[in-house]
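See below for the structure under consideration.
The values are calculated or read from the model by the stated rules, or taken from the named source; none is laboratory data. None of these values were measured; they are calculated from a predicted model. All Cβ positions, glycine included, derive from the backbone under ideal geometry; neighbour counts span all protein chains shown.
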């Protein structure tokens, strides 16, 4: 089959490889759409995460071909499904989404909910998994169905709110009752407000941005969530977070060098079963985290079906060539306010 592999450090190519074999705990899925994430470029370029001939890609929607004997599911061949993979790990070269057939995790493969397209379903994987870990483990928030008023209107900062994960974060912060403050480019102010942001500030001028946020929150800001890369995020958050008891969670940046802030680096792929290396070392793997991931996925898919949350805007490209170009575009910083998905079959 054709697939996108990180053939050498810093370079991804479309190559021909054997089809993955069905394992007892996997589901073979024929992807119809796959979605790009910044981690596609990272695991290609970073010596610490690159593995020769790793099939890239984490987000997919597709059709079930075969179900492993140990998978506890009602899914059957022909069902349309959505899920997430941890491409970029060292456990085997075939387990990535950017191919003509993929081995899905049996416990992280779900029916596509009514009300969204297959292309939109291919935006969910890494973003929902990251929200599950960062919000309900790293921040320690209760799930929204347990305490929908937990935030009580208190501020919650999302740095890089127009990123795909940022647009999801806005919606889930609101589900917990927070007042959501976002930083992004001015061209995306309207977009983040459509997704539920109460305020949007331009992060290009760090000092002006910090002043505007502080005038809004005073010393009450306890939560900062970073969805964009760069050195400015921790600098800004060090200025605007509360003097004590603040929490900073990032998917992409360094952490603030300031007392009174509890910092965490998060990876959504840590809800899966294999070990996953991060900037901070090996990600903890516990049955509780795996269970949390599956629970949040199921609850989020229900929210989508009911229309209580929505996927980000998508740009549809064609074939593995589209996904390969998506890696280059994300690496160059050319994607903002939308998710790149590619039609595979």
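Overview of results
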| item | result |
| --- | --- |
| Candidate set: segment 315-345, residues that are in a helix (DSSP H, G or I) and more than 17 Å from the chain's Cα centre (by Cα); chosen: the one surrounded by the most Cβ atoms within 10 Å (Cβ to Cβ) | 320 |
| Which numbered condition residue 87 misses (of (1) under 20 Å from residue 227 (Cβ atoms); (2) touching a residue at least 60 places away in the same chain (Cβ under 8 Å)) | (2) |
| Which listed residue, of 107, 138, 147, is in contact (Cβ under 8 Å) with a residue 12 or more places away in the chain and not assigned by TED's automatic domain parsing to the domain that holds residue 183 | 107 |
| Criterion violated by residue 49 - all others in (1) touching a helix residue (DSSP H, G or I) at 6+ places or on another chain (Cβ under 6 Å); (2) at pLDDT 90 or above; (3) in a loop (DSSP other than H, G, I, E, B) satisfied | (2) |
| Among the residues listed as 128, 157, the single one being touching a residue at least 24 places away in the same chain (Cβ under 8 Å), part of a strand (DSSP E or B) and closer than 30 Å to residue 209 by Cβ | 157 |
| Conditions (1) closer than 12 Å to residue 297 by Cβ; (2) more than 17 Å from the chain's Cα centre (by Cα); number of the one not met by residue 146 | (1) |
| Top-ranked residue in segment 25-40 [being in a loop (DSSP other than H, G, I, E, B) and at pLDDT below 95; ranked as surrounded by the fewest Cβ atoms within 10 Å (Cβ to Cβ)] | 25 |
| Answer from 220, 137, 129, 162 - the residue that is under 30 Å from residue 56 (Cβ atoms) and surrounded by fewer than 24 Cβ atoms within 10 Å (Cβ to Cβ) | 137 |
| Selection within segment 252-277 - at pLDDT 90 or above and under 16 Å from residue 136 (Cα atoms) | 262, 263, 264 |
| Entirely in segment 175-264, the strands (runs of 3 or more DSSP E) that have 3 or more residues that are within 20 Å of the chain's Cα centre (by Cα) and within 19 Å of residue 151 (Cβ to Cβ) | 179-184, 223-226, 246-250 |
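Listed here are the residues, each with its yes/no results for (1) modelled with pLDDT of 95 or more; (2) crowded, with 20+ Cβ neighbours inside 10 Å; (3) in a loop (DSSP other than H, G, I, E, B).
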| site | (1), (2), (3) |
| --- | --- |
| 15 | yes, no, no |
| 23 | no, no, yes |
| 42 | no, no, no |
| 60 | yes, yes, no |
| 72 | no, no, yes |
| 86 | no, yes, yes |
